[in-house]
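The values are calculated or read from the model by the stated rules, or taken from the named source; none is laboratory data. Bear in mind the structure is a predicted one, so any value in this text is a computation, not a measurement. Cβ placement follows ideal geometry from the backbone for every residue including glycine, while neighbour counts extend to all protein chains displayed.
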Amino acid sequence: MKYLIRLITTGASLAVLGSCTSGLPFHSTTVPLRQTIHFAGTTVSPQILDSANDDVETSITLPSLENDASLRECLVYASLMSPELKVAFHNWKASLSRIPQVTALADPKVSLGYFIEEIQTRTGPMEQQLSLSQSFPWWGLLEAKGDVAKSVANSKWHEYESVRLNIFQKVVKRWTAVVDLENEISVITDSFELLAQAERIARRSYEVNGTSHSRLVQLQVELGKLEDKLSNLNNLRGPRIAALNATLARNGKDAFNLPSSIHLNVASITLEDAIQLVAKNPAINAHNATIEQHQLAIKVAELDAKPKWTVGLTYTNLGDPLDPTTPDAGNDPIMGMIGFSIPLNQTKTDAAKSEAMSKKLAAIAAKEALLHELNAAIAEAIYQRDDSMRSITFYETALIPRAEDALGAVLVAFSTGTTSAIELLDSQRTLLELQRNLQRSYVAALNADATISKLVGGAVKTELSQ
């Protein structure tokens, strides 16, 4: 870049009646800040969060994106404020509340009876009765129902994790879209200033020496195109920021303090390693929990077909006997009771077991189909990441330096009147296109890495310099 600026300065000194500024503002993507982004955050199991409450969601200070809208801060903000994530979180908490419900015994029964017509007994008339009974399912049934509820809760937890990774990927995509737009505006602004500088040289040369008017017109037309492009890009700011704000659950017009460029070092995970890590994908884990749930449901159906037991006590209040001298006269009797149900309807049990087995087989097939899709998606994402990183290296080390040298040489020749405006415009357009392609490669690499992180369940760590 310094070499290009020296060339431009030299060209300006050779101009007939023109002067150039001593520096040319080309876009630079070198910024010293380095951050480490963990797209998946800390892995927490539902068992650890059994006592989770609403305070969990608000225990972290909310980032101020007006001061710092780095990718890290946006991810933290989304994890705290996203309504989709709150829906998934509360669905998981609701599923945890089912466990004590299905493992609890049925309420005991109390009944009170009054004899409208007293029944005389040897020890006195029966006036009223008080009964207390408790039903018990077959041994192991409540525990099995609790295991089913835990499997449902595990599935809901993995759904929460899946939603979180999806939101993170969406934040990365929309954040890079906004930063990429700002970078494109910066690059085109630099190109506009370069052509404006060349247009001043051409105009003075035309006014003093009467050189070709077509050179001046060509530059002015190109300046008009760039000005129109800048106007369109500036108008696009609002929709891009609104989309990012929507992902972060912010007002569509809320401002950001965004970085002006993207640098990153993506994790060097291979396709073979990524395929091995697919098992950590929350969607796969959710299918595993669903398969376990239906397997346990078969056990529940079998135990539910066993007899259900009832035990109880009945207290009978006796009145005064006709003959007070009768042995045990006036003593209130207490009767123990035990009973059980007789499961005669085997068809109901068979149907419940068949239903659970069919759902289990369906979940196994769905998991297998998802694994194939994830493997294909990972292969595509790793290709996109590797291709983008290759392009970044090629642009930074070869194409852009050569294009800068070429533009500097053409500008020197243009300043002395030995080259046409068309050659200058071609060189400027080439450099502009390469700079934009470089930034697009950064965006593609970051988006691909975020996709990989999502597909392998957040096991990829990405270092981001911005």
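Do you know which residues across segment 159-210 are farther than 30 Å from Ser79 by Cα, in contact (Cβ under 8 Å) with a residue 60 or more places away in the chain and among the aliphatic types (A, V, I, L, M)?
Once the filter is applied, which keeps residues that are farther than 30 Å from Ser79 by Cα, in contact (Cβ under 8 Å) with a residue 60 or more places away in the chain and among the aliphatic types (A, V, I, L, M), segment 159-210 yields Val187, Ile188, Leu194, Leu195, Ala198, Ile201, Ala202, Val208.
For (1) of a type outside the set (Gly, Ala, Ser); (2) surrounded by fewer than 20 Cβ atoms within 10 Å (Cβ to Cβ), each residue gets a yes or a no:
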{"residue": "Leu105", "(1), (2)": "yes, yes"}
{"residue": "Pro108", "(1), (2)": "yes, yes"}
{"residue": "Leu132", "(1), (2)": "yes, yes"}
{"residue": "Gly146", "(1), (2)": "no, yes"}
{"residue": "Arg164", "(1), (2)": "yes, no"}
{"residue": "Lys170", "(1), (2)": "yes, no"}
{"residue": "Leu194", "(1), (2)": "yes, no"}
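Residue-wise test of (1) over 28 Å from the mean Cα position of the chain (by Cα); (2) assigned by TED's automatic domain parsing to the domain that holds Leu165; (3) surrounded by fewer than 22 Cβ atoms within 10 Å (Cβ to Cβ); (4) of a type in the set (Ser, Thr, Tyr).
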site	(1), (2), (3), (4)
Glu433	yes, yes, yes, no
Asn437	no, yes, yes, no
Arg440	no, yes, yes, no
Ala444	no, yes, yes, no
Ala450	no, yes, no, no
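Checking the conditions here, which among Val163, Val152, Val179, Val187 is hydrophobic (A, V, I, L, M, F, W, C), at pLDDT below 90 and in contact with a helix residue (DSSP H, G or I) (Cβ under 7 Å, 6 or more places away or on another chain)?
Working: Val163 fails: at pLDDT below 90; Val152 fails: at pLDDT below 90; Val179 fails: in contact with a helix residue (DSSP H, G or I) (Cβ under 7 Å, 6 or more places away or on another chain).
From the options Val163, Val152, Val179, Val187, the qualifying one is Val187.
Look at Ser155 and say whether it is buried (at least 20 other Cβ atoms within 10 Å of the Cβ) and in a helix (DSSP H, G or I).
On the way: buried (at least 20 other Cβ atoms within 10 Å of the Cβ): yes; in a helix (DSSP H, G or I): yes.
Judged against the criteria, Ser155 is a match.
Sort through Pro307, Pro343, Pro282 and tell me the only one that's modelled with pLDDT of 85 or more, on the phi < 0 side of the Ramachandran plot and within 33 Å of the chain's Cα centre (by Cα).
The unique qualifying residue is Pro282.
Here's the yes/no breakdown for (1) surrounded by 15 or more Cβ atoms within 10 Å (Cβ to Cβ); (2) in the same structural domain as Trp157 (by TED's automatic domain parsing); (3) under 30 Å from Asn91 (Cα atoms); (4) of a type outside the set (S, T, N, Q):
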{"residue": "Ala289", "(1), (2), (3), (4)": "yes, yes, yes, yes"}
{"residue": "Ile298", "(1), (2), (3), (4)": "yes, yes, yes, yes"}
{"residue": "Tyr315", "(1), (2), (3), (4)": "no, no, no, yes"}
{"residue": "Gly319", "(1), (2), (3), (4)": "yes, no, no, yes"}
{"residue": "Leu322", "(1), (2), (3), (4)": "no, no, no, yes"}
{"residue": "Thr325", "(1), (2), (3), (4)": "no, no, no, no"}
{"residue": "Ile338", "(1), (2), (3), (4)": "no, no, no, yes"}
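Each row is one residue, and each column tells you yes or no for (1) in contact with a Leu (Cβ under 6 Å, 6 or more places away or on another chain); (2) modelled with pLDDT of 90 or more; (3) closer than 30 Å to Leu313 by Cβ; (4) assigned to a helix (DSSP H, G or I).
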residue: Met337; (1), (2), (3), (4): no, yes, yes, no
residue: Ala352; (1), (2), (3), (4): no, yes, no, yes
residue: Lys359; (1), (2), (3), (4): no, yes, no, yes
residue: Ala376; (1), (2), (3), (4): no, yes, no, yes
residue: Ala381; (1), (2), (3), (4): no, yes, no, yes
residue: Tyr395; (1), (2), (3), (4): yes, yes, no, yes
residue: Leu407; (1), (2), (3), (4): yes, no, no, yes
residue: Leu411; (1), (2), (3), (4): no, no, no, yes
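Quick one: which of Asn375, Asn437 is within 30 Å of Ala283 (Cβ to Cβ), in contact (Cβ under 8 Å) with a residue 24 or more places away in the chain and not hydroxyl-bearing (Ser, Thr, Tyr)? Talk me through it step by step, then tell me what you get.
On the way: Asn437 fails: within 30 Å of Ala283 (Cβ to Cβ).
Unique residue meeting the criteria: Asn375.
Here are Ala403, Ala351, Ala366, Ala409: which of them is aliphatic (A, V, I, L, M), within 36 Å of the chain's Cα centre (by Cα) and on the phi < 0 side of the Ramachandran plot?
On the way: Ala403 fails: within 36 Å of the chain's Cα centre (by Cα); Ala351 fails: within 36 Å of the chain's Cα centre (by Cα); Ala409 fails: within 36 Å of the chain's Cα centre (by Cα).
On inspection, the qualifying residue turns out to be Ala366.
Here's the yes/no breakdown for (1) in contact with a Phe, Trp or Tyr (Cβ under 8 Å, 6 or more places away or on another chain); (2) of a type in the set (Val, Ile, Thr):
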position	(1), (2)
Ala376	no, no
Glu380	no, no
Thr393	no, yes
Ile400	no, yes
Ala409	no, no
Arg440	no, no
Val443	no, yes
Gly458	yes, no
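Out of all the residues in segment 180-199, is one or more of a type in the set (Ser, Thr, Tyr) and more than 34 Å from the chain's Cα centre (by Cα)? Full working, then the answer.
The first filter runs over segment 180-199 and keeps only residues of a type in the set (Ser, Thr, Tyr), leaving 186, 189, 191.
Cutting the leftovers down to more than 34 Å from the chain's Cα centre (by Cα) gives us 189, 191.
Yes: one or more hits.
Considering only residues that are surrounded by 13 or more Cβ atoms within 10 Å (Cβ to Cβ), without any contact (Cβ under 8 Å) to a residue 60 or more places away in the chain, among the basic types (Lys, Arg) and under 30 Å from Ser82 (Cα atoms), which ones fall in segment 218-257?
Residue satisfying the conditions is Arg237 alone.
Of everything in segment 393-411, what is among the β-branched types (Val, Ile, Thr) and surrounded by fewer than 21 Cβ atoms within 10 Å (Cβ to Cβ)? Give them in sequence order.
We begin by selecting, within segment 393-411, every residue among the β-branched types (Val, Ile, Thr); these are 393, 397, 400, 410.
Residues satisfying the conditions are Thr393, Thr397, Ile400.
List every residue pair whose Cβ atoms sit under 6 Å apart, with the two residues 6 or more apart in sequence or on different chains, where the first one lies in segment 95-115 and is touching a residue at least 60 places away in the same chain (Cβ under 8 Å) and the second, anywhere, is assigned to a loop (DSSP other than H, G, I, E, B) and surrounded by 11 or more Cβ atoms within 10 Å (Cβ to Cβ).
That search, which allows pairs on different chains as well, returns nothing.
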